[in-house]
Each structure stands twice: as C-alpha cells, then as structure tokens.
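Below: the structure, in structure tokens.
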Amino acid sequence: MKRDKEIFTFRDAEKQTAPAAFMTMLKPAGSACNLDCTYCYYLDKAAQYGGREAVMSDELLELYIRQYIEANRVPVVQFCWHGGEPLLLGLDFYRRAMALQRKYADGKRIENTLQTNGTLVDEAWCELFAENRFLVGLSLDGPADVHDAFRLTKGGASTFDRVMRTVELLRSSGVEFNTLSVVNRLCEGRGAEIYRFFRDTVGSRYMQFLPAVEHVVDMPGMHRPLIVSPEREGARLAEWSVTAEGYGDFLCDVFDQWVVADVGQTFVQLFDATLAQWCGVEPGVCSMGETCGDALVVEHNGDVYACDHFVYPEHLLGNIRSTPLAELYRSPRRRAFGLAKRNALPAECLACRYYFACRGECPKHRFETGADGCRKNSLCAGLMRYFRHAEPYMDHMRDLLARRQPPAWVIPFARRRMGLM
C-alpha cells in the first residue's frame with residue numbers, strides 16, 4: 001500500500017479542537033463467549049491475551065467509568081457493553097456498573113446499550129435492562145436455517161429457538177431492542193425474505209445489516225479456521241464471506257421492501273445513514289464517515305484500540321491504567337488512524353460520484369488495490385449498485401425534508417415508480 005496522503009482539512013481541525021465527544025465499546029469479558037460463531041472475528045482475540053478467561057476487575061471498572069464520563073465534554077454519555085458475550089459477567093457486575101455511573105455522572109445523562117447473542121437473557125436480565133433503560137442489540141441473522149448455519153453453541157447446537165424466546169422476553173418486559181444481522185454468503189438472494197422475517201416475525205423496528213468479509217488460515221488442531229489479517233501469508237477469503245454483487249443485491253432487495261411500505265415505521269441503519277449523507281449531515285455510522293476512530297475499544301484489562309476491527313498489537317493506543325482515556329483519544333496515533341480512512345483511499349474513490357455517500361466504507365474491507373496502488377474496498381461494486389438503485393428515492397426524501405415534509409411521503413412516489421399503484 002502506498003503511504004497515506006497527508007491531508008488535514010478545516011473540518012478535521014474543527015473536530016480536533018471541539019469538546020471531546022466519542023464512544024467506547026467496552027469488552028468487560030474480552031472475547032469470552034458461550035457460542036462458537038464461525039464468522040466471529042473476536043473469538044480469536046483470546047490468544048492475543050494469553051488464552052485466559054477475561055474478567056474486568058471492579059477496580060478497573062471504576063477507573064474506566066470515571067475516566068470515560070470525565071473525558072466526554074458533552075451532556076450525554078453513552079456506554080456500549082460488548083464482547084464476546086458481555087452477560088457472562090453476571091447481573092451483579094452490571095449493578096455495580098450502574099451504581100458507579102450514578103456516582104460519577106456529574107450532572108450528565110448516562111445512556112446504556114448492550115450487544116448480546118441473546119442466549120443468556122432471562123427475566124432478571126430484562127428487569128435490569130428495563131430499570132436502567134438499556135437499549136439491547138440482539139444478534140440474529142434471519143430465519144432458522146440462516147441463523148443456525150453459523151451461530152451455534154460450542155457443542156454445535158442450534159441457538160435460534162433460544163434467541164426467539166429472548167425476543168418475546170424483551171417485548172413483554174418493555175425493553176427496547178434492535179437487531180444486528182451478519183450478511184453472509186447464505187443471505188445472498190434472500191434480502192426481501194430476511195427483511196420480512198425481521199419486520200413481521202421478530203417485530204424489529206431498528207435493523208442493522210453488516211457484511212461478513214473475512215480472511216482465514218487453517219491451523220493444525222483447530223476445528224475452525226483462524227480469522228486473520230488479509231496480509232498474513234496463506235490467508236484466503238473465507239467461504240462464508242458475502243460477495244460484493246451479492247451484498248449489493250441484498251441491500252437493494254431490502255430497500256425495495258422498505259421504501260414502498262415502511263419508511264418512518266421501520267428503521268434500517270444503512271438507509272438512515274444514506275439519507276443523512278444525501279442531506280449533508282453526519283451519518284452517525286463510522287463506516288460512512290469521512291474519517292473514523294471515534295468509537296474506541298476498551299478491553300477487559302484496560303487496553304485501548306481505535307476500532308473494534310483493528311484489535312491487533314500494532315494498533316494498540318495504550319492502557320487506561322497508565323494513560324487517561326482522554327489523552328488516548330487526543331493522541332496523534334488515534335488521530336492518524338482516523339484520518340487514514342480518507343487519506344489512504346485511491347484517487348478513483350475520491351473522484352467517485354458516490355464518494356459523498358460511501359466515504360470508502362469500512363477500512364477493514366479494503367482488500368483490493370486501486371490504480372494508484374492504494375487499497376480499495378472489496379464491496380465497492382455492491383455498494384455502488386445500492387447507491388445507484390436508491391438514488392431517486394433518496395433525492396425525493398431529501399427534497400421532502402427541505403420542504404419540512406416527512407420522508408415517509410416517499411412511499412406513494414416509490415409505489416408509482418415500481419408500478420405498484
């Protein structure tokens with residue numbers, strides 16, 4: 001890869017000098033998980049930390065909460081509990097965390113989100129979530145055959161029915177939840193079906209669809225391939241990775257279901273972010289931002305990284321025991337990581353008609369090489385197909401918003417355009 005271009009814009013300068021406002025994804029149990037999902041890029045992080053079972057100490061939990069609240073110079077601070085499987089630490093761990101948040105809030109509003117595989121949730125967990133107004137992210141890939149193809153227990157058993165019981169528990173407890181789905185090779189050609197499953201069967205009103213594109217090597221004695229950086233010798237594209245064309249078709253099929261019936265009622269993260277880009281406002285999704293590095297990862301031992309997808313020794317920013325979180329966020333190393341999202345792109349991306357919407361997408365997917373030698377996103381063809389397909393509807397919704405009219409009024413326009421009325 002060619003050396004990053006040294007570009008620092010006025011917007012970059014504004015961001016650098018503005019009051020600190022950033023997210024952290026806390027991994028209190030590290031990569032520990034009760035499942036053995038084939039495509040999980042985080043399970044293999046255990047080896048990076050000596051293979052020991054990860055548990056964040058109470059002392060480090062308090063240090064993190066205090067530093068994180070103090071570092072954010074904004075009225076609302078959002079905690080994101082992640083993993084692995086964060087529920088492995090048990091209810092008492094989170095009760096202590098809630099007490100520490102109240103202790104250090106200093107007048108700021110504290111919000112909590114938590115991402116779970118859904119297999120450990122029971123009534124007691126739902127009570128804690130409801131009492132503390134958690135937004136729960138539920139990992140669910142689609143109907144049983146899609147979900148159970150890759151999301152199994154360590155004994156190889158199905159998890160679909162257990163996750164669907166969790167859906168009912170969250171609903172009956174009044175806990176707000178969204179669904180996070182991995183778009184893999186099995187999802188290709190099934191976008192409309194999968195969307196209807198989430199809308200009609202799960203009752204999800206907030207959906208995320210994230211593409212699985214990883215590289216692996218086979219390791220002696222391991223029952224599953226090891227997920228590695230594409231630069232590693234012998235690495236190959238994982239068989240379950242979605243193709244660029246398949247991902248583009250999937251997004252278009254989901255979009256066609258959504259735009260003729262559900263705008264304003266069901267929210268798909270990528271579609272919301274796309275409309276934001278069309279309107280010239282921040283998309284709220286790091287993969288579609290011009291730069292990144294504003295969603296730090298804090299590991300169970302206090303190590304900090306600039307991104308969940310780059311938890312490798314060469315990307316370590318430091319540890320909160322020795323360097324305050326605020327300093328790590330302001331560090332030149334973190335800033336350079338974030339700027340590289342834009343500055344390392346090939347010239348053809350920067351000149352692309354849809355660069356304003358795509359922004360090169362996530363750097364973790366840059367496996368191809370552009371004409372000038374810089375890395376290019378391997379999903380480019382699919383993303384371009386999606387943006388081209390959505391363009392007339394995004395134009396219409398942007399114009400509606402400019403007239404202070406609701407984006408949902410795009411529905412009759414979409415139905416006429418698709419010959420449905």
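Which value, in debye to the nearest 20, describes the size of the charge dipole of segment 88-233 about its Cα centre when Lys and Arg Cβ atoms bear +1, Asp and Glu Cβ atoms bear -1, and nothing else is charged? Using only the charged Cβ atoms, the result is roughly 440 debye.
Rg/Rh, computed from the Cα trace of segment 189-256 with Rh as the Kirkwood radius, has the value 1.12. The protection proxy used here, the mean number of other Cβ atoms lying within 10 Å of each residue, ranks peptides 287-300, 317-330, 392-405 as follows, highest first: 287-300, 317-330, 392-405. Beta bridges from DSSP with both residues in the chain: antiparallel share about 30 percent, rounded to the nearest 5. For the pair ARG321 and PHE356, a Förster radius of 41 Å applied to the C-beta separation gives a FRET efficiency near 0.50, rounded to the nearest 0.05. In a reduced charge model with +1 at each Lys and Arg Cβ and -1 at each Asp and Glu Cβ, segment 29-113 shows a dipole moment near 380 debye about its Cα centre.
Projecting the Cα atoms of TYR64, SER322, PHE387 onto the charge dipole of the chain (Cβ charges, centred on the Cα centre) puts PHE387 farthest toward the positive pole. Note on segment 331-382: Cα-only Rg and Dmax are 11.0, 35 Å. Here, segment 243-346 yields an orientationally averaged convex hull projection of 9.3 nm² when only Cα atoms define the hull. So what is the orientation-averaged projected area of segment 288-342, using the convex hull of its C-alpha atoms, in nm²? For the Cα atoms of segment 288-342, the hull's average projected area reads 3.6 nm².
Working from the Cα coordinates of segment 29-90, the gyration tensor eigenvalues give, after taking √(5λ), semi-axes of 26, 14, 10 Å in decreasing order.
Please list the three semi-axes, largest first and in whole Å, of the ellipsoid equivalent to segment 51-206, using sqrt of 5 times the eigenvalues of its alpha carbon gyration tensor.
31, 18, 15
Structural size metrics of segment 41-136, computed from C-alpha coordinates, are Rg and Dmax of 14.2, 40 Å.
Mind checking the alpha-carbon convex hull of segment 217-293 and giving the volume per residue in Å³?
In segment 217-293, the Cα convex hull volume per residue is 161 Å³.
Spacing of the modelled spin labels on ALA20 and ASP272, each 7 Å from Cα toward Cβ, amounts to 2.7 nm.
Taking only the C-alpha atoms of the chain, Rg followed by Dmax gives 21.2, 64 Å.
When the inverse distances between all different Cα atoms of segment 121-202 are averaged and flipped, the Kirkwood radius reads 13.5 angstrom.
Note on segment 278-317: Cα Rg divided by 2.2 N^0.38 Å, N the number of residues, gives 1.41. Rounded to the nearest 20 debye, the dipole size of the chain about its Cα centre is 1060 debye, using +1 on the Cβ of Lys and Arg and -1 on the Cβ of Asp and Glu.
With all protein chains kept in place, the per residue accessible area of the chain amounts to 44 square angstrom at a probe of 1.4 angstrom.
What fraction, in whole percent, of alpha-carbon pairs in segment 343-413 exceed 19 Å separation?
44
Using only the C-alpha atoms, the convex hull of segment 115-273 corresponds to 136 Å³ per residue.
Can you give the extra length, in nm with one decimal, that the chain gains between GLU193 and ASP58 once fully stretched, where that is 0.36 nm per residue apart less the Cα-Cα distance? Using 0.36 nm per residue and subtracting the Cα-Cα distance, I get 44.1 nm. Once the Cβ-Cβ distance of VAL281 and ALA99 is raised to the sixth power relative to R0 = 51 Å, the FRET efficiency obtained is 0.90. Cα convex hull, segment 296-412: 163 Å³ per residue, rounded to a whole number. Expressed as a whole percent, the accessible area of the chain that falls on carbon and sulfur atoms is 53 (1.4 Å probe).
The values are calculated or read from the model by the stated rules, or taken from the named source; none is laboratory data. Predicted model only: the values in this text are computed from it and were never measured. With ideal geometry, Cβ positions are generated from the backbone for all residues, glycine too; neighbour counts draw on all protein chains shown. What goes into the accessible areas is simple: the full protein's heavy atoms, side chains included, and nothing from ligands, DNA or RNA. Shrake-Rupley method; radii C 1.70, N 1.55, O 1.52, S 1.80 Å.
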